[in-house]
Amino acid sequence: MAHLLVVDDDKDLCTLLKTALERDGHQVSVHRSGQEVDEAACRWADCILLDVMMPGEDGFTLCRRIRSLADCPILFLTAKTEESDVLMGLGLGGDDYLTKPFRVAELRARVAAHLRREQRTPCRRLRRGPLDFDLGEQAVYFQGTSLKLTRSEYLICEALAMYPGQTFSKEQLYQAAFGYEGTADASAVTEHIKNIRAKLRPAGESPIETVWGVGYKWKKDVSAGQA
């Protein structure tokens, strides 16, 4: 399942796209104007469908504003067919261009193709249930808000979330957080796990399980795959 963001001022078209794409198993968020799209809205989108001709902030302006925030394909949907418009959209960071009116089947195929292409390239994001990991930034987000993990807490959390269902010993998690030359005792991992659980609790999440006598693991059933 991918998270798709649709931005178009045409209410009927938004309803059509949401219905069609949700049938493909995707989660679809709809916004009727560019002004509604903020960092939290696009940060974890897997693909953005963006109308060009909208009142207020048009699609080209919106693409320019969010391109650095959205690490995903952006597809323009527009009635403008001039070559100069196509080139402008692609030059601003768009990945594809579909002219209106278009067949919904073609749109679904284009979206599927871009999502497959993304899966073949290294991902810098990881989604586990409602939690989103930015592997480059080394941060965990819940509904667009960063959870205040220390660096050591984040590294332990990432090591567990990367392999849901796999049990890690305290020694392995200690090495993930501090390396082989760390000076603390592996028992410090217990305190870090306690802190991580406390910081995840407000998000309604308790994905870390204790495996008595062995270590810890990330619950497999909360894994939603890589973004």
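The values are calculated or read from the model by the stated rules, or taken from the named source; none is laboratory data. All figures in this text were calculated on a predicted structure; none of them were measured in a lab. Here the Cβ is made from the backbone with ideal geometry for all residues, glycine too, and neighbour counts use every protein chain on show.
In this entry, Tyr141 is excluded by the filter for residues that are among the aromatic types (Phe, Trp, Tyr) and either over 15 Å from the mean Cα position of the chain (by Cα) or at pLDDT below 85 (or both).
Residue-wise test of (1) in contact with a Pro (Cβ under 6 Å, 6 or more places away or on another chain); (2) modelled with pLDDT of 80 or more; (3) surrounded by fewer than 12 Cβ atoms within 10 Å (Cβ to Cβ); (4) of a type in the set (D, E, K, R).
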site	(1), (2), (3), (4)
Tyr174	no, yes, no, no
Phe178	no, no, no, no
Ala188	no, no, no, no
Ile196	no, yes, no, no
Leu200	no, yes, no, no
Ala203	no, yes, no, no
Gly213	no, yes, yes, no
Lys217	no, yes, no, yes
Gly225	no, no, no, no
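Considering the stretch 43-83, and only residues there that are touching a His at 6+ places or on another chain (Cβ under 8 Å) and either in contact (Cβ under 8 Å) with a residue 60 or more places away in the chain or buried (at least 23 other Cβ atoms within 10 Å of the Cβ) (or both), the residue that is nearest to Leu135 (Cα to Cα) turns out to be Trp44. The number of residues in the stretch 135-157 being surrounded by fewer than 18 Cβ atoms within 10 Å (Cβ to Cβ) and not aliphatic (A, V, I, L, M) comes to 11. Listed conditions (1) of a type outside the set (A, V, I, L, M, F, W, C); (2) out of contact with any Lys or Arg (no Cβ under 8 Å at 6 or more places or on another chain); (3) within 24 Å of Gln143 (Cβ to Cβ) are all met by Asp8, apart from (2).
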